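The values are calculated or read from the model by the stated rules, or taken from the named source; none is laboratory data. Nothing here was measured: the structure is a model prediction, and the numbers come from that model. Cβ placement follows ideal geometry from the backbone for every residue including glycine, while neighbour counts extend to all protein chains displayed.
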Amino acid sequence: MMIPSIKFKYVEEYLSIFPEEIKELLQTLREAIKEAAPEAEEVISYNMPAYRYNGILVYFAAYKNHIGFYPGSSLINEVFKKDLVKYKTSKGTIQFPLAKAIPVMLIKKIVRFRVKYNLDKAKAKKKS
């Protein structure tokens, strides 16, 4: 699915353009992120849903055959290597096929990792 050249302002607006079955997958992903990082701010960044807490935690976007999940660090691919063997990955990117359920527990694990990572980074920055 090609995303129209709309400039989104809100996540709800982004979700509204997709067919119901894709919207449900995106909503499941969104809820998992919110549960894992309730203090994160939901924003649109690079014209896709993103979550910010001491910097960006994660982004996500829907495509023709998958949902792209962007935890922002190639470190994710190393830390969660065993969990990610079933998915196509590249530097800081994970693809979840549209034909499969969203791996909610994995999403939560990655988001919690990113929260800790961002907090540690912010603390280190304050010290220097």
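Structure above, values below:
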quantity	calculated
Any hit, segment 69-82, residues being over 28 Å from Ser5 (Cβ atoms), hydrophobic (A, V, I, L, M, F, W, C), surrounded by fewer than 17 Cβ atoms within 10 Å (Cβ to Cβ) and touching a residue at least 40 places away in the same chain (Cβ under 8 Å)	yes
Some residue of segment 51-60 being in a loop (DSSP other than H, G, I, E, B), over 12 Å from the mean Cα position of the chain (by Cα), closer than 27 Å to Lys123 by Cα and of a type outside the set (Phe, Trp, Tyr)	yes
Residue check, Pro49 surrounded by 13 or more Cβ atoms within 10 Å (Cβ to Cβ) and not small (Gly, Ala, Ser)	yes
Residues located in segment 8-24, provided they are in a helix (DSSP H, G or I) and among the aliphatic types (A, V, I, L, M)	Val11, Leu15, Ile22
Count - residues of segment 4-23 that are surrounded by 14 or more Cβ atoms within 10 Å (Cβ to Cβ) and either charged (D, E, K, R) or farther than 27 Å from Arg114 by Cα (or both)	3
Tabulated pairs, segment 18-39, first more than 18 Å from His66 (Cβ to Cβ), second among the charged types (D, E, K, R), C-beta under 7 angstrom, 6+ apart or interchain	Glu35/Lys108; Ala36/Lys108; Ala36/Arg112
Residue in segment 78-93 that is at pLDDT 85 or above and in a helix (DSSP H, G or I) present	yes
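Yes/no matrix, rows are residues, columns are (1) assigned to a helix (DSSP H, G or I); (2) of a type in the set (Gly, Ala, Ser):
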{"site": "Leu26", "(1), (2)": "yes, no"}
{"site": "Ala32", "(1), (2)": "yes, yes"}
{"site": "Ile67", "(1), (2)": "no, no"}
{"site": "Ser73", "(1), (2)": "no, yes"}
{"site": "Ala99", "(1), (2)": "no, yes"}
{"site": "Met105", "(1), (2)": "yes, no"}
{"site": "Val111", "(1), (2)": "yes, no"}
{"site": "Lys123", "(1), (2)": "yes, no"}
